[in-house]
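FYI, it's all coordinate maths here, none of it is from the lab. All figures in this text were calculated on a predicted structure; none of them were measured in a lab. Positions of Cβ are generated from backbone atoms using ideal geometry, with glycine treated the same way; all protein chains shown enter the neighbour counts.
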Amino acid sequence: MKFSYSQTVADFDAANSVILPLNADLTLTESLQQADKLLAGAISAAISSEDLNGKVKNQHLFLNTGAGPQRILVVGTGASDKLNAKQYRELQVSAWGAIKANAGAKVVNELCLAQSDQLSPQDQVRLTLETLTKSEYRFEQFKTKKEDSDGAECDMQIIAPDSAAQFAQSLATAQAMDICRDLGNLPGNICTPTYLAEQAITMAGKADKVSVEILDEDEMAILGMHCLLSVGNGSVEPSKLIVLNYQGTDKDSAPHVLVGKGITFDTGGISLKPGAAMDEMKYDMCGAASVLATMQAVIDMDLDLNVVAIVASAENMPAGNATKPGDIVTTMSGQTVEILNTDAEGRLVLCDALTYAERFKPASVVDVATLTGACIIALGHHTTAVLSNDDSFAQDLVKAGQEAFDATWQLPIGEEYQEQLQSNFADLANIGGRPAGTITAACFLARFAESFKWAHLDIAGTAWTSGKAKGATGRCVPLLVQHLVNQL
Ligand code: BES
Ligand code: MN
Ligand code: ZN
């Protein structure tokens, strides 16, 4: 499906299908009146007979054999003071589901004109593009038989007032979420650190404003990134530090840096994970995926901003030469770390990437990581955790998440928790015990983020869904894109 945007309906009659909202107060909008005429009063008749009642989940498809669109779908949007984002997403999916098999080449979607006190037209545009893109998403490259692709050829025109800029952002975001989903869903035998590096090189090659640098293990060793390197010790896949530099404004303007955890498979290492659902640890590079995908959105939107993306990528495997519990390594910052659990590897790669970020003299740094199982216990699968060394920056991100319908919640990061990382043999330990696992992981990172404004996003619960609908979600791309747009 392709999306286009128009402020108003220019050519209602040229559409093959139209989707029209009907509020619970049953007012006939201009388009509904026009459609009613084409259908010789069938819409008003359906309202009189209460087949159409304007409530959420009430929708009716009218076939038009005369001039104008062949299909007219009238969708109840409920009362203006009730319609919320969750319902709105469901409405769009069910409306598209009702016509997609026979939608034709041109669909006019007026559902962004739904009356809602909570959702502006811009909000509705955002929700529409992201939700319909998600509902059309398939990851079939390894299936020899593909599912049917009803509606794939269709051009859907989104009608909404004053939403051109929002449309551009939402389209870039929705497409970036697909990139993020694809990278996440790829299996670990294909999506290796080297593969991620190649994707970054390809992305930079297609964009004028982006340069790319891939640091291999030798180069990282020279920089002293022994903590990052320790994670990949047991793997035959070489670790990579991937750096994309987007220059959208003058050189001296301090960049906003995004750092992604790119563990392309996390077995736990010598602190081996249990076997159940271990396949899902291919998703342990979803932080990296969201950062790379956001970079593509930045390119597509041509933002007037400097942005640096850093991906710290390794595969965490057990082996004769793997890091062992108790091993001590020196980080690029000079601080030493006692690795008490090799499964707490995300922080080990991120800490050196954060130190590397210092060289950009960043305006802000946000790292994104599937960092802790504890985050799922704290917030479940709906909300990303935000932790920061600057409360107002944390709140900026929470607000960006609200604007983007990509929910977050701030957790504290007080100094008291630092004690849990105390080590008898090194400057700090890489685990802090069972209490507050998400917070102590962030506390570990904070020790490497002292020279800049920094926030950490733990997407362990939100990056993918398990079970029958197993798949990467594309979160938290909307939040990251909104965060960057808010810096303009
Ligand atoms: N990648 C995992 C975190 C994770 C686990 C995310 C399950 C999503 C689902 C991370 O590397 C990890 O293993 N963390 C450990 C840390 C612990 C050893 C302190 C965890 O959460 O169990
Ligand atoms: Mn782990
Ligand atoms: Zn991990």
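List of remarks:
- Paramagnetic reach from Ala168 in the range 447-488 [backbone N under 20 Å; point 7 Å along Cα→Cβ]: 478-488
- The distance linking the range 159-178 with the range 236-282 is 27 Å (Cα centroid to Cα centroid, whole angstrom).
- Summarising the strand pairing of the chain, around 40 percent of its internal DSSP beta bridges are antiparallel.
- Considering only alpha-carbon pairs that sit under 8 angstrom and 6 or more positions apart, the relative contact order computed for the chain is 14 percent.
- For the chain, the longest principal axis of the C-alpha atoms and the axis of helix 121-136 are separated by about 80°.
- Sorting 157-168, 282-293 by their mean Cβ neighbour count within 10 Å, with the most densely packed peptide first, gives 282-293, 157-168.
- Order by protection proxy (mean Cβ within 10 Å, highest first), peptides 268-281, 183-196: 183-196, 268-281
- The range 314-327 - phi-based ³J(HN,Hα) in whole Hz, Karplus 6.51/-1.76/1.60, Gly and Pro as x: 7, 10, 9, 10, x, 5, x, 9, 6, 4, 10, x, x, 4
- Counted charge near Gly188, where neighbours are those whose Cβ lies closer than 15 Å (Asp, Glu -1; Lys, Arg +1): -3
- Against the main long axis of the alpha-carbon atoms of the chain, helix 286-301 sits at an angle near 50°.
- Relative frequency of Cα-Cα separations exceeding 20 Å in the range 271-373, percent: 49 percent
- A cut-off under 9 angstrom between Cβ atoms defines the neighbours of Val368, and their net charge, with Lys, Arg +1 and Asp, Glu -1, is -1.
- Surface/4 of the Cα convex hull for the range 390-488, nm²: 8.0 nm²
- Hz values of 3J(HN,Hα) by residue in the range 417-423 - Karplus curve (6.51, -1.76, 1.60), Gly and Pro given as x: 5, 4, 4, 5, 9, 5, 10
- Modelled label reach - Ala152, point 7 Å along Cα→Cβ, the range 1-15 residues with backbone N closer than 17 Å: 1-3
- Taking amide H as placed 1.01 Å from N in the peptide plane, Tyr5 has its amide H under 5 Å from the amide H of Ile158, each at least 5 places away in sequence or on another chain.
- Diffusion coefficient (Stokes-Einstein, Kirkwood radius over C-alpha pairs, 10 °C, 1.306 mPa s) for the chain: 67 µm²/s, rounded to a whole number.
- Once the chain from Lys324 to Ser135 is taken as fully extended at 0.36 nm per residue, the excess over their C-alpha distance is 63.7 nm.
- Potential extension, Phe142-Val93 segment - 0.36 nm per residue separation minus Cα distance: 15.0 nm
- 3J(HN,Hα) from dihedral phi, the range 434-447, Karplus parametrisation 6.51/-1.76/1.60, rounded to Hz, x for glycine, proline: 6, x, 6, x, 6, 6, 5, 4, 5, 4, 4, 4, 4, 5
- Remark on the range 187-326: hydrodynamic radius 15.7 angstrom, per the Kirkwood mean of 1/r across alpha carbon pairs.
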